[in-house]
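Every read-out reported here was derived from the displayed coordinates using simple, explicitly stated rules and does not represent laboratory data. What you are looking at is a predicted structure, and each value in this text was computed from that prediction instead of being measured. Cβ sites come from the backbone with ideal geometry, for glycine too, and all protein chains shown count toward neighbours.
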Amino acid sequence: MGAGQSRDGELRSDSEEEEEEEEDEQEIKQKSAVSPASSSKSSTRQSFASASSKDGLQSIGSKFDSLTLAGKRVAKGPQKAKLYRHLGGNTPKAQWVVADKAVSWEFTRDGDDHDEDEDDDGDGVSGSWKTWYLLVGSRVSARVGEKLQAKFFGEQLRVDFVYYGVWALKFSTRLEFQDFETEFRNCLFENTYMLEATEENKIKVFGKDFIGWAKPEVADESVWEDAEDSFDMPTGSKPLKEDYVEPSKGSIQSLTMGALDHSYLVSAKGIEAVKNLPSGIHGKGVSVVFNGSDSASYSTPKKAMLVKGESNLMVLSPTNEGTPHSAGVHQLDVGTGKIVAQWKFEKDGTPITMRDVTNDSKGAQLDAARSTFLGLDDNRLCRWDMRDRHGIVQQLASPVLDWAEGHQFSRGTNFQCFATTGDGAVVVGSKDGKVRLYGTTSMRMAKTAFPGLGSPITHVDVTYDGKWILATADSYMILISTVFKDKDGKTKTGFTGRMGNNIAAPRLLKLSPLDVHLAGKNYKFQHGQFSWVTESGRQERNLVATVGNFTVVWNFRRVKESNHECYQVTRGLKSCYCYRVIPKEESIVDSKFMHDSFSSVSPNAPLVVATPKNVSSFNVSRE
């Protein structure tokens, strides 16, 4: 299974119907079927359209967003398009079939009679705000949101989307296509922020410094690279072969990758070691099964972090099942397989919790003398020290970690995840979608705060040099450049100074609607991250994420390329659909590249993929 575009193009196989479509155009215009919503008292929104003049097309499109009538944009009745449905999934017989040659579509605010089965994640609106829905005949009645995974094809005058299956609307004219796209983006903005899609409100949401995020056409594009002739990772359609598969003794919860001899599988029963080799992971090493009198505290370990030259693991276990917060960490000696300490989180003598921990920097786990690591909770960002406040190593069985530095924020920051650069700067993702950058000197005030795009950030990663950030949301990933030039013309990153108002718009990484549907019921993006380097001058080569039953890999250079085919659009944030898919039979827990030092036998280090039942490795450089 390969790049998403290879299957998207299959709608073109319907080209033999184009002549028939032209012949039926007059008949379609004469049809007057009215969709159920058009007879309701709800307000309907549809694009301002005038097909009488092709010369005025661009001016109409540019003025559309500002068209108002008594403070509201003009709304008209339903329009027509050709509706397709994809059948056959990923089988050889898969194809697009015509579901309706002239289906009515419209955007409506009648929220009482629509299916809301897919809105059970609590992202609905409250109060008097009316939610926008897309109605397509009697087949589609969906809230306008990222869950639709809409993908626009300008050349084909077509939009694909997911709603209990995969659908495509094909429009007769470019004006109709542009009208649909404009209205969809306006409805998406209004459903996300509960504000009218005006220029004033977009500035209110994103801020003047980030207006390029709302209007990408005016953003600085200089940070994106020129096209390159070759790429290390092929994007063909041939499936990748597993080099090695190892079953797990328990239900795998997460992967902890080592840069030296071993990596580790964290499961509900304990921790298993696997050997690191240039060809991938092989065999088993030490295995630690949590049992005995303390088994309750280890019942569901969620994460393990290597420290002290990879000789120890810090195991994070939630205090209560179903919550991410932990009251402490357990220190495991990987050589003996024994717990050597049970550390507690306290500040000023008061027990506190942490939702996540990470190393001080990208390569800190390789430092045998380092005694500190970072902690994150909803409103806390801090550094913990395994020594006491006098710098003395603690020998107690249940010692208390020393709060070395950090800040406890009084207002709701709703931190969710964090990561560190090679020099120890920190990037934090939040529930409100914001991404904050903290320098190496202070955790109190962010140097830069990127605005949210409407979805919580569930995972975040950053390159070793701090120039690029990858933030994961449920329906997409966001690639952000932190690079800017100060008033003296010096190149800096958002970790070291205020970026000003010349900030590049981000890129979105998405799956095609068909691949989203094929990924399974649990198709949320998770654990997006770069390939792993811990040395200055080395460049990350790939990006990887899990989406349901899929591991998805993007070539980093291809994503940064400024003019490749995915970016030949003029509206909205540019989205990259050039990726490679590795499918599994069950939902994937995590996917990570091995350390860059294991790339000696191919341009890319092996990729490790874990499901609840087993772990396997792949060579992504090989067809």
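Return the sequence-ordered ³J(HN,Hα) values of the range 165-175 in whole Hz as given by the Karplus equation 6.51 cos²θ - 1.76 cosθ + 1.60 applied to θ = phi - 60°, using x for Gly and Pro.
x, 10, 10, 9, 9, 10, 9, 6, 10, 5, 4
Among 492/524; 130/524; 215/303, which pairs are too far apart, with a Cα-Cα distance over 28 Å?
As for pairs spanning more than 28 Å Cα to Cα, those are 492/524; 215/303.
FRET efficiency for residue 199 and residue 501, Cβ-Cβ distance as r, R0 = 22 Å, nearest 0.05?
Once the sixth-power term is evaluated, E becomes 0.90.
Going through the cross-link list 467/490; 344/434; 151/204; 204/574; 431/510, which pairs have a Cα-Cα distance over 25 Å in this structure?
344/434; 151/204
If you take the square roots of the eigenvalues of the alpha-carbon gyration tensor of the range 242-618 and sort them as a ≥ b ≥ c, do you get rounded (a/c under 1.5), prolate (a/b over b/c) or oblate?
oblate
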